Amino acid sequence: MSERVIRDGIGIALALAFCVSAAVGLEAKSPVVVTGLYSASWLKWAKEEKILAEAAAWETECPVAALEGRHLVVFAYAKPKTPLTPQENAAIHKWLEQGGMLILTSGSPAAIAGKTDLSALTWLGANQYVYGKVQNTMLTPENPLVKGMAEDALKATEFCSNQPNLGSLTTAAALIGTDKTANVLLNRVGKGWVLFVSMPPFLGQKSAEGGPALRAIVERFVKAALGGTEEREALARGMPDLKRPAVRVRGRDRVACIVTEQAGAGQRLAKLIEQMTGARAPVVKTPPSGDPFCIHVGPTEFAKRHDLPPQGLHPFGYVFKLVDADNLVIAPARPNVADHAALMFLHRYAGYRWFAPGELGEVIPKVATIALPDRIDDRVEPSFTSWVNA
């Protein structure tokens with residue numbers, strides 16, 4: 001598969017789904033719409049499996065205006081071409097927050113405008129498109145979505161082999177995949193949900209491994225979309241717990257998130273926090289809803305509002321500041337200092353040590369939470385030209 005094909009789109013794939021199309025009339029409002037090139041095959045499979053009785057099937061695009069009043073929308077696309085606009089993204093997010101349920105199946109998901117950055121899709125719960133073999137380590141027989149299945153049916157090695165996946169998970173969780181990469185992903189957005197399946201289920205179920213689990217997950221999702229509170233609560237019970245606290249701030253254990261425009265420094269900080277505490281700290285560009293403790297790395301909007309980094313800071317300097325009970329800022333003078341500043345924060349406040357590349361060269365303490373002092377206001381600058389004296 002060529003790089004050009006690989007890059008043709010989740011953001012792109014999703015985009016056509018929401019482009020306003022004159023070919024799609026807003027006729028009788030079916031609570032379920034299956035739209036896209038594979039819509040007929042998807043609906044045929046769902047009926048044969050007794051997952052779905054009836055639905056409107058459109059081979060063309062689903063306009064944003066058509067979302068209103070729908071309980072479940074399925075995108076059965078392969079490779080559409082038009083990126084989502086910010087307005088369309090906002091419309092999707094709002095519909096989901098109000099209780100909409102979205103299944104995204106794409107044979108070749110990739111990225112917006114030919115890139116792998118998916119962070120503009122605020123409702124997806126993942127920041128990156130990745131490609132390669134993913135061996136399931138997440139879905140277990142204890143998960144309510146697949147309870148009663150034999151463990152062999154959940155390995156999903158064949159199903160996940162060489163399929164498009166989502167990485168840099170933020171608010172989403174992998175159901176089939178690993179803690180870092182999802183072939184089947186579940187994300188909660190307000191009252192609504194998103195289910196991403198990298199391969200259309202009518203193809204994926206043919207796999208000897210993973211197919212039964214895939215069918216069970218899709219069935220549970222459809223029941224939740226068309227059912228009531230009980231069905232949605234059952235879906236929620238199958239969602240891995242992402243609410244484990246990572247830090248203790250002023251007497252409270254807090255779930256953390258990392259807000260940054262610099263994905264590299266943010267991802268490394270998140271990885272180390274998870275290795276220390278076992279808690280995931282999503283890396284996002286804007287603070288999510290809820291009550292997370294936000295660790296701002298670099299020039300975020302919040303940092304800028306508080307004049308961080310300060311004027312006159314050494315070019316290789318950085319500042320740590322606990323602005324309030326909900327926000328900590330790691331403010332390097334320059335973007336290329338962000339990674340060093342993040343590591344030095346963990347060095348100073350969490351006991352992290354780095355001596356050399358590789359596992360033997362790091363000391364990563366294991367703690368329940370990273371306990372922060374009530375006051376942090378540090379300005380750190382090198383005594384020489386730079387930290388490497390260059």
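The values are calculated or read from the model by the stated rules, or taken from the named source; none is laboratory data. Treat the numbers as computed from the prediction; the structure is a model and nothing was measured. All Cβ positions, even for glycine, are placed from backbone atoms using ideal geometry, and neighbour counts span all protein chains on display.
Numbers at a glance
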item	result
Residues being surrounded by 19 or more Cβ atoms within 10 Å (Cβ to Cβ) and either of a type in the set (Gly, Ala, Ser) or over 12 Å from residue 335 (Cβ atoms) (or both) - total across region 257-266	5
Residue 334 vs. criteria closer than 19 Å to residue 266 by Cβ and at pLDDT below 95	yes
Residues of region 312-334 that turn out to be in a strand (DSSP E or B) and more than 24 Å from residue 252 (Cβ to Cβ), as a count	2
Region 172-192 - residue that is assigned to a strand (DSSP E or B) and β-branched (Val, Ile, Thr) and, of those, farthest from residue 239 (Cα to Cα)	181
Qualifying position, being in the same structural domain as residue 257 (by TED's automatic domain parsing) and in contact with a Gly (Cβ under 7 Å, 6 or more places away or on another chain), among 374, 326, 339	339
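This table checks each residue for (1) in a helix (DSSP H, G or I); (2) more than 16 Å from the chain's Cα centre (by Cα).
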site: 223; (1), (2): yes, yes
site: 232; (1), (2): yes, yes
site: 235; (1), (2): yes, yes
site: 248; (1), (2): no, yes
site: 265; (1), (2): yes, yes
site: 271; (1), (2): yes, no
